[in-house]
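Have a look at the structure below, then the notes.
Quick note: the coordinates plus some simple rules give every number you see, no bench work behind them. Because the structure is predicted, anything quoted here is derived from the model rather than measured. For neighbour counting, all protein chains shown are included, and Cβ atoms are generated from backbone atoms with ideal geometry for every residue, glycine included.
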Amino acid sequence: MEFDTSFALQILPSLLRGAVVTLEATMLGFLLALLGGLVLAIGRMSRLAPLCTAYVEFMRNTPLLVQLYFLFYVLPLAWISFGALETGVLGLGLYYSSYIAEVYRAGIEAVPRGQWEAARSLEMPTWQTWMRIVLPQAIPPMGPVLGNYLIGMFKDTPLLAIITIPELFNAAMQVAGSTYRYNEPYTLVALIFVAMSYPASLLVRLLEKRYRRT
């Protein structure tokens, strides 16, 4: 099947609207993952370690697709339901928080022990120790790794199509289903994903180079 440029331009606006939804789900999901990962990382250094570890292992060893299906189709049977976009954001955030928790944990453990001891000797409250000493040292080196997870989450958003979110891939599926033309919509989806993710990957490389120099 030949690629029809005029048809591609005709469907481009609907695909771009789907791309906006994709970005929205990615950014909100990543914000949730950052917060959830921090809670899990701190929890694994407390008395809640067994519970947090069990959560991380469960989420990391089950597919995101299955988790999204469970949140959207199974939870409502227990009278717990969310909108499609909210479910997608929740699913992405919960899934990736289990990976980001390990990034946080590695960064926290890299903070020299003397920093903790100095904070204790100054009788600093625990929250000040975390906010003023530990996290400012632990978070900057995590930048490149967190950036890679952000790109990974962005590329996982087509899975949200199974829970009816009108993101980019879902928009392409609707075009293909109504016109029986597959070449143009899916080619445009690939090009849009490359155009959006490649600059982010370049930024991650810059962060990696900057961190190596410091």
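Quick one, which of [x] 27.4, 81; [y] 17.0, 54; [z] 20.8, 73 is the actual Rg and Dmax of the Cα atoms in Å calculated for this model? Correct label is [z]. About its Cα centre, the stretch 5-213 has a charge dipole of approximately 600 debye under the convention of +1 per Lys or Arg Cβ and -1 per Asp or Glu Cβ, with nothing else charged.
Fewest-first ordering of W79, W116 by other beta carbons within 10 Å of each residue's beta carbon gives W79, W116.
Classify the stretch 26-103 as rounded, prolate or oblate from the Cα gyration tensor: take a ≥ b ≥ c as the square roots of its eigenvalues, call it rounded if a/c is under 1.5, otherwise prolate when a/b beats b/c and oblate if not. Prolate. In whole angstrom, note down how far apart the Cα centers of the stretch 1-56 and the stretch 76-134 are. Each part reduced to its Cα centre gives a spacing of 17 Å. The convex hull built on the alpha-carbon positions of the stretch 141-208 has an orientation-averaged projected area of 4.8 nm².
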